[in-house]
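Before any comments, here is the structure.
The values are calculated or read from the model by the stated rules, or taken from the named source; none is laboratory data. Bear in mind the structure is a predicted one, so any value in this text is a computation, not a measurement. Note that each Cβ is placed from the backbone with ideal geometry, even for glycine, and that neighbours are counted across all protein chains shown.
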Amino acid sequence: MADLRVADRVEAAFTAEPGEVLAVIGPNGAGKSSLLHAVAGLVDVDGSARLGDADLLTLPVRERRVGLVFQGQLLFPHLSALDNVAFGLRARGEPRAAAEAVARDWLERFGIAELAARKPRELSGGQAQRVAIARALATEPDVLLLDEPFTGLDVSVQMALRIELGRHLRDFPGIALLVTHDAIDALTLADRVLVLDDGQVVQVGRPADVAAEPRTSHVARLVGLNLVADGDELMAFTPDAVVVSLHEPEGSTRLRWHGPIATLAPHGDAVRLLVHASPDLLADLTPAAATELELAPGREVWLSAKATAVSRYAARR
Amino acid sequence: MRDRLGRPPALLVVPAAVATLLLVVPLVAMVASTDWQALPGHLTSQTAVDALRISLLTSTVAIAICLLLGLPLAWLLARVHFRGRGAVRALVTVPLVLPPVVAGVALRSAFGRTGVIGEPLLELTGFAFPFTTYGVVLAHVFVSMPFVVISIEGAFRSADPRFDEAAATLGATRWTTFRRVTVPLALPGVVAGTVLGWARSFGEFGATITFNGNYPGTTQTMPTLIYVTRQSDQDAALSLSLVMLLVSIGVLVALRDRWLGTP
């Protein structure tokens, strides 16, 4: 149970159970990293973060038993992969041999035992990230904090590492907080998702629920949904439910918008338009239809959606 | 190599060439006027051997003391926010710009036989720094410490402090972090600072002669020997200077090849 405030950055109250993976998503500057650093103790923070009988926020960093996987890894460049992973255990007083045995075991679990003697600069991005995660896990922390663990990696490496991390997270008995800007991380790795926007918690829920009924345009964009505010309600609908026409649609539907095409790009088998209506909307149509309508960036179009294809829900719970 | 942006203007090239000549010509002239036949004799005289021994000994002891005390100070200045940090840094820097002879006078005021610390020290222990080899070490520490502290502080500052944070999240105390992370990461800078400090100490003249006089076998170092020899035997002074020049070049080469990584 945490309730914490970092001045000018983030104000968040949330709970998480041991064994649970809580994804933290939100746009840049929403306060995701600040939240992690507050739990780790690296920024000044007000409030409390209860873990068992202790308030984490009153403890010095090194006594918090958190494992932080930094953005950009921050592996100690002068130490080998093995010494990096053994660092936490040795710092906590384990004898060298014992610490190295545990570290070797962790490298093995990540399938990189043969890289034990390498320095961080001799590792690929994916290998370095594995070492960084192993280093955080080796101290058996109560809370594992992952700050954008896949950023900067090749897409194929991301996929492999995501699957691997999922396995380790399932085995991890503590609380895991995973900061990410990628919907797929939240959907595949998390038990619950916490959405931050402008330093505030705007939504907490199971990944599927958050993906189906997003409350922020950021999350809607991440999961590929259009999101339109309508009074106290939000309306979410998929881009392929949008009908594109060059003239104002007939009929009485209120669900219609008007604006110039901003971009137009292939998206799977379809062509996806981003239209500067109010708000910005995505629309998918067949390549044939796009050609027939002679669509191009800058062209004014009308968009409409059938009420039956739109999911409506309260803007605030 | 052709310069893509055009030929460098004479307005800049000419002063640059003059500057280079100004720095190189005296050294070349010194080497050229050395009496090579008499050189071995000059360098093996008892006073020269003593002076070289004292210079090497005092510089090395002084730099060890500078490291022992200066490394912690540099770390505090680089990593710990405390009241008066700016003032401490400014005070540490003062000896850097202070004329060495003034440093000698200041040392007299503190550690001289009637000095603020020197007088009670003499009464208590019967020991006084001036005119002893210990005094030479003290003078060297005083002039070299700022070099060591300032350059190592710079090295600590350029080492990413987030590595310290990473160490802390892994459970390391600040002492462990200092030992296993901060110093190893800043090691090239630490070594460079140490070598620079040693060179400064090896060449120290003003503070040493003011505080300790110039007694062969106890306080006479290479620079102070060169100074007195110059008045009687110009050729011998040249030979001794050549030794100092070689040591200086040696320091530069050591710094370049091992630590600075310049091509």
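What helices (runs of 4 or more DSSP H) lie completely within the range A:149-232 and have 1 or more residues being closer than 21 Å to A:TRP106 by Cβ?
A:155-171, A:183-189
Do we have any residue at all in the range B:7-28 that's within 30 Å of B:GLU153 (Cα to Cα), at pLDDT 90 or above and not polar (S, T, N, Q)?
Within the range B:7-28, one or more residues are within 30 Å of B:GLU153 (Cα to Cα), at pLDDT 90 or above and not polar (S, T, N, Q).
Which pairs do you get when a residue that is under 8 Å from B:ALA51 (Cβ atoms), found in the range B:221-237, comes within reach of a residue that is part of a loop (DSSP other than H, G, I, E, B), reach meaning Cβ atoms under 6 angstrom, with the pair 6+ apart or on two chains?
Sorted first by the residue in the range B:221-237, then by its partner, the pairs are B:THR224/B:ASN214.
From A:LEU285, A:LEU246, A:LEU234, A:LEU255, which residue is under 30 Å from A:GLY29 (Cα atoms) and of a type outside the set (Val, Ile, Thr)?
Within the list A:LEU285, A:LEU246, A:LEU234, A:LEU255, the selection yields A:LEU234.
Among the residues of the range A:132-147 satisfying the criterion of being in contact with a helix residue (DSSP H, G or I) (Cβ under 8 Å, 6 or more places away or on another chain) and of a type outside the set (A, V, I, L, M, F, W, C), which is farthest from the other protein chains (Cβ to nearest Cβ)?
Checked the range A:132-147; the qualifying residue farthest from the other protein chains (Cβ to nearest Cβ) is A:ASP147.
Please pick out the residue among A:GLY41, A:GLY52 that is of a type in the set (Gly, Ala, Ser), over 18 Å from A:GLN127 (Cα atoms) and either more than 14 Å from every other protein chain (Cβ to nearest Cβ) or touching a Cys at 6+ places or on another chain (Cβ under 9 Å) (or both).
Numbers: A:GLY41 fails: either more than 14 Å from every other protein chain (Cβ to nearest Cβ) or touching a Cys at 6+ places or on another chain (Cβ under 9 Å) (or both).
One residue alone meets the criteria, A:GLY52.
Does B:GLY189 qualify as being closer than 29 Å to A:LEU75 by Cα, part of a helix (DSSP H, G or I) and under 15 Å from the mean Cα position of the chain (by Cα)?
Taking the combined requirement at face value, the residue satisfies it.
Taking A:ILE175 and the conditions (1) over 17 Å from B:GLY171 (Cα atoms); (2) crowded, with 21+ Cβ neighbours inside 10 Å; (3) touching a Lys or Arg at 6+ places or on another chain (Cβ under 8 Å); (4) not polar (S, T, N, Q), which numbered condition does it fall short on, given that it satisfies the others?
(3)
Matching residues to (1) over 17 Å from A:ARG221 (Cα atoms); (2) in contact with a Pro (Cβ under 9 Å, 6 or more places away or on another chain); (3) exposed (fewer than 15 other Cβ atoms within 10 Å of the Cβ); (4) in contact (Cβ under 8 Å) with a residue 24 or more places away in the chain:
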position: A:ALA270; (1), (2), (3), (4): yes, yes, no, yes
position: A:SER278; (1), (2), (3), (4): no, no, yes, no
position: A:ASP284; (1), (2), (3), (4): no, yes, no, yes
position: A:GLY298; (1), (2), (3), (4): yes, yes, yes, yes
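How about the range B:158-176: which of its residues are assigned to a helix (DSSP H, G or I) and within 8 Å of chain A (Cβ to nearest Cβ)?
Correct list: B:ARG162, B:PHE163, B:GLU165, B:ALA166, B:ALA167, B:ALA168, B:THR169, B:THR176.
Give B:VAL243, B:VAL228 a once-over and let me know the one that is of a type outside the set (Ser, Thr, Tyr) and either under 19 Å from the mean Cα position of the chain (by Cα) or closer than 18 Å to B:VAL61 by Cα (or both).
Criteria check complete, one pass: B:VAL243.
I'm checking my understanding of the structure. Among residues of the range A:1-24 that are among the β-branched types (Val, Ile, Thr) and under 16 Å from A:LEU144 (Cα atoms), which one is nearest to the other protein chains (Cβ to nearest Cβ)?
A:VAL24
Return the pairs, sorted by first residue and then second, in which the second residue is at pLDDT below 95 and among the acidic types (Asp, Glu), the first residue lies in the range B:62-89 and is under 18 Å from B:VAL136 (Cβ atoms), the beta carbons are less than 9 Å apart, and the residues are 6+ apart or on different chains.
Close Cβ pairs (under 9 Å, with a partner that is at pLDDT below 95 and among the acidic types (Asp, Glu)) amount to B:ALA62/B:GLU204.
Among the residues of the range A:277-307, which ones are part of a loop (DSSP other than H, G, I, E, B), closer than 16 Å to A:GLU248 by Cα and within 33 Å of the chain's Cα centre (by Cα)?
The initial filter retains those residues of the range A:277-307 that are part of a loop (DSSP other than H, G, I, E, B), namely A:277-280, A:286, A:293-299, A:306.
The next check asks that each one be closer than 16 Å to A:GLU248 by Cα; those that pass are A:277-278, A:293, A:295, A:299, A:306.
Of everything in the range A:277-307, those that are part of a loop (DSSP other than H, G, I, E, B), closer than 16 Å to A:GLU248 by Cα and within 33 Å of the chain's Cα centre (by Cα) turn out to be A:ALA277, A:SER278, A:LYS306.
For every residue, the table says whether it meets (1) more than 28 Å from A:ASP209 (Cβ to Cβ); (2) modelled with pLDDT of 90 or more; (3) of a type outside the set (S, T, N, Q).
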residue	(1), (2), (3)
A:ARG256	yes, no, yes
A:ALA262	yes, yes, yes
A:GLU300	yes, yes, yes
A:LYS306	no, no, yes
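Conditions tested, residue by residue: (1) surrounded by 24 or more Cβ atoms within 10 Å (Cβ to Cβ); (2) in contact with a helix residue (DSSP H, G or I) (Cβ under 9 Å, 6 or more places away or on another chain); (3) within 13 Å of another protein chain (Cβ to nearest Cβ).
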{"site": "A:ARG90", "(1), (2), (3)": "no, yes, yes"}
{"site": "A:GLU108", "(1), (2), (3)": "no, no, no"}
{"site": "A:GLU114", "(1), (2), (3)": "no, yes, no"}
{"site": "A:SER124", "(1), (2), (3)": "no, yes, no"}
{"site": "A:ARG130", "(1), (2), (3)": "yes, yes, no"}
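Working carefully through the options B:ALA29, B:ALA62, find the one that is touching a helix residue (DSSP H, G or I) at 6+ places or on another chain (Cβ under 7 Å) and either more than 24 Å from B:GLY189 (Cα to Cα) or not β-branched (Val, Ile, Thr) (or both).
Working: B:ALA29 fails: touching a helix residue (DSSP H, G or I) at 6+ places or on another chain (Cβ under 7 Å).
Of B:ALA29, B:ALA62, the one residue that is touching a helix residue (DSSP H, G or I) at 6+ places or on another chain (Cβ under 7 Å) and either more than 24 Å from B:GLY189 (Cα to Cα) or not β-branched (Val, Ile, Thr) (or both) is B:ALA62.
A:THR188 versus (1) under 28 Å from A:SER34 (Cβ atoms); (2) modelled with pLDDT under 90; (3) out of contact with any helix residue (DSSP H, G or I) (no Cβ under 7 Å at 6 or more places or on another chain): which is the lone unmet condition?
Here A:THR188 clears every test but (3).
Got a number for residues in the range B:32-67 being closer than 25 Å to B:ALA207 by Cβ and of a type outside the set (Lys, Arg)? Lay out the reasoning, then the answer.
Keep residues of the range B:32-67 that are closer than 25 Å to B:ALA207 by Cβ, which gives B:47-67.
Adding the requirement that they be of a type outside the set (Lys, Arg) leaves B:47-52, B:54-67.
Summing the residues that are closer than 25 Å to B:ALA207 by Cβ and of a type outside the set (Lys, Arg) in the range B:32-67 gives 20.
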